[in-house]
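Trainee: Take a look at the following structure, please.
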Amino acid sequence: MKSEFLLQIKDLKASIDNKSIIKGLSLEVKPGEIHAIMGPNGSGKSTLANVLTGRDLVTVTDGSVTFEGRNLLDMSPEERAREGIFLSFQYPIEIPGVSMVNFMKTAINEQRKHRGLEPLSASEFLSQMREKKELVEIDSALTNRSVNEGFSGGEKKKNEIFQMAMLEPRLALLDETDSGLDIDALRIVANGVNKIRSADTSVIVITHYQRLLDYIIPDFVHVMFDGRIVKSAGPELALELEKRGYDWIRKEADIAEESWITDRKL
Amino acid sequence: MENDQDKVLNEVTTGEYKYGFVTDIETDVIPKGLSEDVVRLISAKKEEPEWMLEFRLKAFRHWLTMKMPAWANLKIPEINYQDIIFYAAPRQKPAPGSLSEVDPQLIKTFDKLGIPLEEQKRLTGVAVDAVMDSISVKTTFRETLAELGIIFCSFSEAVREHPSLVQKYLASVVPYTDNFFATLNSAVFSDGSFCYIPKGVRCPMELSTYFRINTSNTGQFERTLLIADEESYVSYLEGCTAPMRDENQLHAAVVEIVAERGAEVKYSTVQNWYPGDRDGKGGILNFVTKRGMCKGDDSKISWTQVETGSAITWKYPSCILRGNNSTGEFYSVAVTNNYQQADTGTKMIHIGKNTKSTIVSKGISAGFGQNSYRGLVKVLGKAEGARNFSQCDSLLLGDKCGAHTFPYIEVDNPSAIVEHEATTSRIGEDQIFYCNQRGISTEDAIGLIVNGYAREVINKLPMEFAVEAQKLLQISLEGSVG
Ligand SMILES: Nc1ncnc2c1ncn2[C@@H]1O[C@H](COP(=O)(O)OP(=O)(O)OP(=O)(O)O)[C@@H](O)[C@H]1O
Ligand SMILES: [Mg+2]
């Protein structure tokens, strides 16, 4: 039975080292939709991305997550990736000694194997590299180096989008991909996202700033506070947040002043 | 994070050792123990001339005065020399002339190890000397090589057929008094390979010796002597495996290389002796003396080693750079997983003028493995213009293993330039996760990272073996996620 949702999160609770971080979160994403998640530092946005990608430092204590109707939480991180979940990391990792070419070839062929396809030939792979490099306007000098090694902050973010373009995910999670980007890079990254987006591909954009959402127009904007989504609306919500900050939402959502203040101090 | 590291570490599983089988073959075994009589018996079994026996006896008597070296960063279990069998040989006619005379069981064994002895099934461009326990089973391609005047045969045969060459060069690089294990080897060495490349000849194929320990409680003491005459070239490869057994087995080999004027020797090792089980039980104790002499001007000796096996590795392939403008190289990857220990490195002794040496050492530790690099760069007073570059890197998987470096630098000539660089890095859980998130399994991620790290060394191996070595690296680290 195929679900109408690509991703369905129900009452999710998750903790790190027995400290509860996600405290009852629900979210439904249909194929082709773009959702933005905003919210103050430490509210649990990256933790949510970690739960979805299967990072084992986060323990799911309650709730369910399905991807195309299947239980996502049962799958290993690599299986989720091969099924089409892609995370653009808030802090991309350097892997010295592993060339981008080798890394991407392994990743793509693992995904193809998972889908019962033959590995790409060297020439097919290289032409795909070329095409996607143009798409995200990434310099060949970068893709000839080791994975993220010595890349600048902005180059790392561009490299994440390049990988996304190569892997053509069904669900892309962009965790603050806009931070650290100059104006041109921001436009390029946004263009990259818009080009891969299709009727099938859904995107969850985690961001602090409206400016990315000028380029990638979301269908929904959600505000996360202390492990919960406390408000969801259309793209106009992001503009309002930009103007008014989070304070009014906090009040509206009736979050206990005390716990909020203590959390902030931590 | 802590928890996570632990959990990941606890996932350390056996990277199954693929070569742990035993061949059931009739074997000629002498009684356990070591004495002058045993030395005589070995020599008699091999029908050796008097001078060879004399050499053995000199060495044996000297060995009795020696103590096992204690300076290595190794915990070595007590070795009872009276409990070891010093000679075991698959029963067959000595030095079989054709393959049909070789026991089919032996052919099957080497086939299973991926070393076909039938020449039509050969690896392209590789001649093999296959040694099981104490004797050489078969040397392939001898006739082809003989046409060029190249001698490639078992050591025993060289003693019979080419005594003047053996007498001229034996112990000329590693004297019988050299060290505890080399002296022991000089007394009891069983077989090994002998190779002579005549003046001006480029050996057209890789020469290779494959060592296999089969019989239990036996020590393996092979001896290899490789002579490259003026302006010649040879690339030589050595591989080794042993069955899985609960008790430790001793392996004490000696390799000597002589490079005359303008000669070049590449010596590569893929060492995959049984490493013991994941609790550190059993495994080969590997005490090896390897040394090359760049005797003539403009000669070059290059050691490449990929060391993934053995419970204990004690090994320092070295170069004595006697000729002017001679070059020594040492490229090494050493893996210690589970409870393996390695103390390995090199010695570069600069004697001639404008001598150059390069050292690239890549240690990889996982599980509870302990990996030490120990290297000496010595520049003598007359070695005007000597240069050395050393790079010693350590890679750690997990936090229960250790990496250590012991570089010794002794320079007696002010014009020498000696550079040493060292790095330590760790495969982080975050790197593994990053790969996982791109669809790459943890095993493959480690393979990618480790092979990337070791690439500089692997690239020095002959093509056919580089691929093998890459796979071996990955297998030997299977399950050891950090
Ligand atoms: N590995 C960890 N160990 C302990 N606590 C963690 C860990 N990762 C996250 N946390 C805690 O979980 C909470 C949520 O963090 P998270 O990174 O999800 O926030 P975020 O919304 O992404 O914030 P930002 O906007 O700053 O990126 C924070 O209080 C953080 O300190
Ligand atoms: Mg975050």
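The values are calculated or read from the model by the stated rules, or taken from the named source; none is laboratory data. Quantities reported herein were computed from a predicted structural model and do not represent experimental measurements. Cβ placement follows ideal geometry from the backbone for every residue including glycine, while neighbour counts extend to all protein chains displayed. Heavy atoms of the whole protein, side chains included, go into the accessibility calculation; ligands, DNA and RNA do not. Shrake-Rupley method; radii C 1.70, N 1.55, O 1.52, S 1.80 Å.
Trainee: Could you tell me whether the stretch A:97-154 comes out rounded, prolate or oblate from its Cα gyration tensor? Rule is a ≥ b ≥ c as square roots of the eigenvalues, rounded for a/c under 1.5, then prolate if a/b exceeds b/c, otherwise oblate.
Mentor: prolate
Trainee: Could you give each residue of the stretch A:116-132 its phi-based ³J(HN,Hα) in whole Hz, using Karplus coefficients 6.51, -1.76, 1.60 with θ = phi - 60°, and x for Gly or Pro?
Mentor: Those phi angles translate into x, 9, 5, x, 5, 6, 4, 6, 4, 4, 5, 6, 5, 4, 4, 4, 6 Hz.
Trainee: Quick one: which residues, 5 or more positions from residue A:42 or on another chain, have an amide H under 5 Å from its amide H? H modelled 1.01 Å from N in the peptide plane, none for Pro or chain starts.
Mentor: When sequence neighbours closer than 5 places are left aside, there are no close amide H contacts.
Trainee: Which percentage, to the nearest 5, of the DSSP beta bridges contained in chain A is antiparallel?
Mentor: The antiparallel fraction comes to roughly 60 percent.
Trainee: Using the alpha carbons of the stretch A:1-90, what is the convex hull volume per residue in cubic angstrom, as a whole number?
Mentor: Residue-normalised Cα hull volume stands at 103 Å³.
Trainee: Can you pull the one-decimal nm distance between simple spin-label points at residue B:426 and residue A:30, each 7 Å off the Cα toward Cβ?
Mentor: Modelled inter-label distance: 4.8 nm.
Trainee: Of the cross-linked pairs A:10/A:231; B:300/B:356; B:295/B:315; A:156/B:362; B:300/B:347, which ones have a Cα-Cα span greater than 18 Å in the structure shown?
Mentor: Working: A:10/A:231 16 Å; B:300/B:356 9 Å; B:295/B:315 22 Å; A:156/B:362 28 Å; B:300/B:347 15 Å.
Too far apart for the 18 Å limit: B:295/B:315; A:156/B:362.
Trainee: To continue, here is another question. How many angstrom lie between the Cα centre of the stretch A:226-253 and the Cα centre of the stretch B:312-354?
Mentor: 65
Trainee: What average count of beta carbons from other chains do you get within 10 Å of the Cβ of residues in A:93-103?
Mentor: Taking the mean over all residues of the peptide, I get 6.
Trainee: Mind checking the mean number of beta-carbon atoms from other chains within 10 Å of the Cβ atoms in A:108-114?
Mentor: 2
Trainee: Now, a different point. If you count only protein heavy atoms with a 1.4 Å probe, what accessible area per residue comes out for chain A, rounded to a whole Å²?
Mentor: 45
Trainee: With every protein chain kept in the model, how would you rank B:429, B:421 by accessible area, 1.4 Å probe, largest at the top?
Mentor: B:421, B:429
Trainee: Sort chain A into rounded, prolate or oblate with this rule: let a ≥ b ≥ c be the square roots of the eigenvalues of the Cα gyration tensor; rounded if a/c is under 1.5, and if a/c is not under 1.5, prolate when a/b is larger than b/c, oblate otherwise.
Mentor: Judged from the Cα gyration tensor, chain A comes out prolate (a/c at least 1.5, a/b above b/c).
Trainee: For every other residue with a beta carbon closer than 15 angstrom to the beta carbon of residue A:242, add +1 if it is Lys or Arg and -1 if Asp or Glu, then tell me the sum. Don't jump to the answer; show the numbers that get you there.
Mentor: Working: positive: A:211, A:231, A:243, A:244; negative: A:178, A:214, A:236, A:240, A:247.
So the surrounding residues net to -1.
Trainee: Further question: So what's the angle, to the nearest 10 degrees on a 0 to 90 scale, between helix A:183-196 and the longest Cα principal axis of chain A?
Mentor: Around 80 degrees separate the two axes.
Trainee: Let me ask you something else. Considering the options A:181, A:194, A:100, tell which one lies farthest towards the positive end of the dipole of chain A, charges being +1 on Lys and Arg and -1 on Asp and Glu at the Cβ, about the Cα centre.
Mentor: With unit charges placed on the Cβ atoms, the residue in question is A:100.
Trainee: Let me know the mean shielding of A:143-150 by other chains, meaning the per-residue number of their Cβ atoms within 10 Å of its Cβ.
Mentor: So the per-residue partner count for this stretch is 1.
Trainee: Rounded to whole Hz and in sequence order, give me ³J(HN,Hα) for the stretch B:328-333 from the Karplus expression 6.51 cos²θ - 1.76 cosθ + 1.60, θ = phi - 60°, writing x for Gly and Pro.
Mentor: x, 9, 9, 10, 9, 10
Trainee: Rounded to the nearest 100 Å², what's the accessible area chains A and B bury against each other, both chains counted, probe 1.4 Å? List each step's numbers first, then the result.
Mentor: Values: alone 12960 and 18680 Å², together 29350 Å².
That pair hides around 2300 Å² of surface in total.
Trainee: What order do you get for B:218-227, A:185-194, B:71-80 when each peptide is scored by the mean count of other beta carbon atoms within 10 Å, highest first?
Mentor: B:218-227, A:185-194, B:71-80
Trainee: I would also like to ask the following. Keeping every protein chain in place, order A:104, B:293 by accessible area at 1.4 Å, biggest value first, i.e. largest first.
Mentor: Accessible-area ranking of A:104, B:293, largest first: B:293, A:104.
Trainee: Hey, another quick one. Picking from A:233, A:122, A:81, which is most flexible by a Gaussian network model of chain A using Cα springs under 10 Å?
Mentor: A:122
Trainee: Can you give the net charge of the other residues whose Cβ lies under 13 Å from the Cβ of residue B:374, counting K and R as +1 and D and E as -1?
Mentor: +1
Trainee: Nearest 20 debye, what's the magnitude of the dipole of the stretch A:1-113 about its Cα centre given +1 on Lys and Arg Cβ and -1 on Asp and Glu Cβ? Don't skip to the end; give the middle numbers.
Mentor: Working: 14 positive and 14 negative charges, 20 e Å.
Charge dipole, the stretch A:1-113, about its Cα centre: 100 debye, nearest 20.
Trainee: Apply the Karplus parameterisation 6.51 cos²θ - 1.76 cosθ + 1.60, with θ equal to phi minus 60°, to every residue of the stretch B:394-411 and state each ³J(HN,Hα) to the nearest whole Hz, in sequence, with x for glycine and proline.
Mentor: 10, 10, 10, 10, x, 10, 9, 9, x, 10, 9, 10, 10, x, 10, 10, 10, 10
Trainee: With a ≥ b ≥ c the root eigenvalues of the C-alpha gyration tensor of the stretch A:145-239, is it rounded (a/c under 1.5), prolate (a/b larger than b/c) or oblate?
Mentor: Values: a/c = 1.81, a/b = 1.52, b/c = 1.19.
The shape class here is prolate.
Trainee: Among A:31-38, B:182-189, what's the highest-first ranking by average C-beta atoms within 10 angstrom per residue?
Mentor: B:182-189, A:31-38
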